[in-house]
Amino acid sequence: MWAATEKFLRFLQQPPLELIPSGKDIADIRSIPISERFYPAGTTIAEEGRPGRPHLFISSGWALSYKSMSNGQRLVVDFAQRGDLISSSPIADRSVRSTTDVTVFEIEAQNHRPLSAYSSYLAHAMMRLMTRNHSIATEHLANVARRRPLERTAFLFLETSYRLQQAGDGTGDRYDFPFTQGDLADALGLTAIHTNRVLRDLREQGLMSFRNWTVELLDRRNLLEMTLFDPGYLDLREDFVG
């Protein structure tokens with residue numbers, strides 16, 4: 001557990017969080033039980049409606065966050081990646097499954113005390129991540145409700161590109177995206193057939209391509225103009241320096 005705590009402290013100081021904890025903050029965090037856990041691809045990390053796991057930070061890999069509908073359909077809420085907080089509620093409001101091999105840091109306050117009782121600094125950082133998660137969910141709702149299929153698809157891939165750059169895992173206009181067109185369709189509120197058609201249109205217009213789990217943004221400037229994408233809602237720097 002001690003080794004996991006030290007790795008977690010290094011993780012906090014690296015992209016995308018880049019926190020700058022003081023000596024007291026570090027001592028407080030060292031007083032919290034922290035474990036590092038590995039989930040092979042295809043493993044259920046959290047299950048909707050079941051007791052929630054402790055606070056989980058993804059340190060590597062990709063996971064799919066989704067809600068199951070009563071009619072058997074599924075809504076993909078997010079494509080979770082390095083730096084994301086994926087569990088923080090007593091009862092899980094969504095399921096999370098590892099798409100690739102995933103490593104997480106698991107943090108659990110003891111004796112049912114809130115995390116802020118151990119480390120106000122870490123609790124504040126987690127609140128910032130929860131706010132970011134809410135902002136991402138709001139943009140995804142706007143995607144489905146108000147953006148046309150071409151725009152919502154391009155917006156999602158621009159968002160993913162920006163998040164990967166934040167995490168230090170992306171090269172900007174080309175990145176791995178280990179999800180299926182079915183996963184993408186469930187995130188965009190489209191059928192698989194419609195999603196395939198939209199991807200073909202984007203490729204034929206020379207804007208972007210998604211093939212063999214690789215995304216290429218071929219014309220970022222026009223994609224930005226088409227979607228009016230503004231990454232401000234993804235910013236993690238504000239309020240993070242103690």
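Bear in mind that the values in this text are calculations on the coordinates, not laboratory data. Here the structure is a predicted model, which means the values were calculated and not measured. In this analysis, Cβ positions are derived from the backbone assuming ideal geometry, glycine residues included, and neighbour counts consider all displayed protein chains.
Before moving on, here are some points about what is shown:
- Full-extension gain in nm, residue 103 to residue 234, via 0.36 nm per residue minus C-alpha separation: 44.9 nm
- Here the gap between residue 173 and residue 225, fully extended at 0.36 nm per residue and compared with their Cα-Cα distance, gives a gain of 17.1 nm.
- The amide H of residue 74, built 1.01 Å from its N in the peptide plane, has 69 as neighbours under 5 Å, considering only residues 5 or more places off or on other chains.
- Sites listed here are GluC sites (Glu not before Pro) in the stretch 145-242 whose DSSP assignment is loop and whose Cβ has at most 10 other Cβ atoms within 10 Å: 238.
- Between the listed residues 213, 228, 189, the Cα displaced farthest toward the positive end of the dipole of the stretch 172-242, a dipole computed from Cβ unit charges relative to the Cα centre, is found at 213.
- Summing Cβ point charges (Lys, Arg +1; Asp, Glu -1) relative to the Cα centre of the stretch 140-234 gives a dipole of roughly 240 debye.
- Residue 67 versus residue 211: modelled label distance in nm, points set 7 Å from Cα along the beta carbon direction: 3.6 nm
- If the Kirkwood radius is taken over C-alpha pairs of the stretch 3-119, then at 4 °C and 1.567 mPa s the Stokes-Einstein diffusion coefficient equals 86 µm²/s.
- Stretching the chain fully between residue 44 and residue 141 yields a gain of 32.5 nm (0.36 nm per residue, less the alpha carbon separation).
- Taken over the chain, the convex hull of the Cα atoms encloses 121 Å³ per residue.
- Spin-label pair residue 20/residue 3, simplified geometry with 7 Å Cα→Cβ offset, distance in nm: 3.2 nm
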